[in-house]
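Okay, so here's the structure we're looking at.
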Amino acid sequence: MENTLLAQLGLLRQPSGAITGIDLPISPTPLLADGLQRRVRLKRLTFDADLEISVLFELYVCDADGNDLYALYSQDGTLSPFVMRERMARVQPIEIPRTTAGSFRSRITGALVDAETPGAVPELHFFQNMALGHLQAQGLPLTGSEPYLVVVYLMLANIIREKDARGEF
């Protein structure tokens, strides 16, 4: 997969070709000034002893050039301490945990559903049984020649898009 497409899908890549992160823009909010945007990045991915998957996402605010405002403000020596605290409070990153434990998906559509919904399966079971065709149906341009971890990263980027569409960010 070419670098431009990977970037469009939310994967960060170094010139060496190594993928170093997942970072996507999400829906705007009227609370931010023009030119600012909200983004979500993957901060941590873990597998529990029972193989349930836990993810920690971070929602942050950046300027039009993609610079993390919290980092910029914290390093701006021209700001008074009061102004620095005020600005940093407005753009404080927010950590958002997500786990497959206790979560269910429709066996047919893959949508998140309540446990009582007909056709609901535990989310872990859903992911363990997902095939390439399911991912292609979600809009991922996969050919079957992509490295396994690239596919996993793209799945995680799709979870960010799904949570954004559900208004969870």
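The values are calculated or read from the model by the stated rules, or taken from the named source; none is laboratory data. All values reported here derive from a predicted model rather than from experimental measurement. Neighbour counts are summed over all protein chains in view; Cβ atoms, including those assigned to glycine, are modelled from backbone coordinates with ideal geometry. Just the protein is used for accessible areas: all its heavy atoms, side chains included, with ligands, DNA and RNA removed. Shrake-Rupley method; radii C 1.70, N 1.55, O 1.52, S 1.80 Å.
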Legend entry - Normalised contact order of the stretch 28-83, rounded percent, pairs of Cα under 8 Å and 6 or more residues apart: 28
Legend entry - Between 0 and 90°, nearest 10: helix 81-90 axis offset from the chain longest Cα axis: 20
Inset, instruction - Would you work out the relative contact order for the chain, in percent, from Cα pairs under 8 angstrom that are 6 or more residues apart? - result: 18
Inset, instruction - Can you find, among SER106, HIS134, ALA89, the residue farthest towards the positive end of the dipole of the stretch 82-141? Put +1 on the C-beta of Lys and Arg, -1 on that of Asp and Glu. - result: ALA89
Inset, instruction - For helix 148-165, report the angle its Cα long axis makes with the longest principal axis of the Cα atoms of the chain; keep it between 0 and 90° and round to the nearest 10°. - result: 70
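Which is the longest run of the chain containing none of the trypsin sites (Lys or Arg not before Pro) found in DSSP loop states (not H, G, I, E, B) with at most 15 other C-beta atoms within 10 Å?
Working: sites that count: ARG107, ARG166.
Of all site-free stretches, the longest is 1-106.
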Inset, instruction - Only Lys, Arg, Asp and Glu count, each charged at its Cβ (+1, +1, -1, -1), so figure out the dipole size of the stretch 58-169 about its Cα centre, rounded to 20 debye. - result: 220
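Can you pull the percent of the chain's accessible area that's carbon plus sulfur, 1.4 Å probe, other chains left in place? Could the numbers behind the result be given before it?
Values: 5600 of 10090 Å².
The value for the chain is 55 percent carbon and sulfur by accessible area.
Using the heavy atoms of the protein chains and a 1.4 angstrom probe, tell me the accessible area per residue for the stretch 17-153 in square angstrom. Can you show the working numbers first?
Numbers: 8280 Å² over 137 residues.
The answer is 60 Å² per residue.
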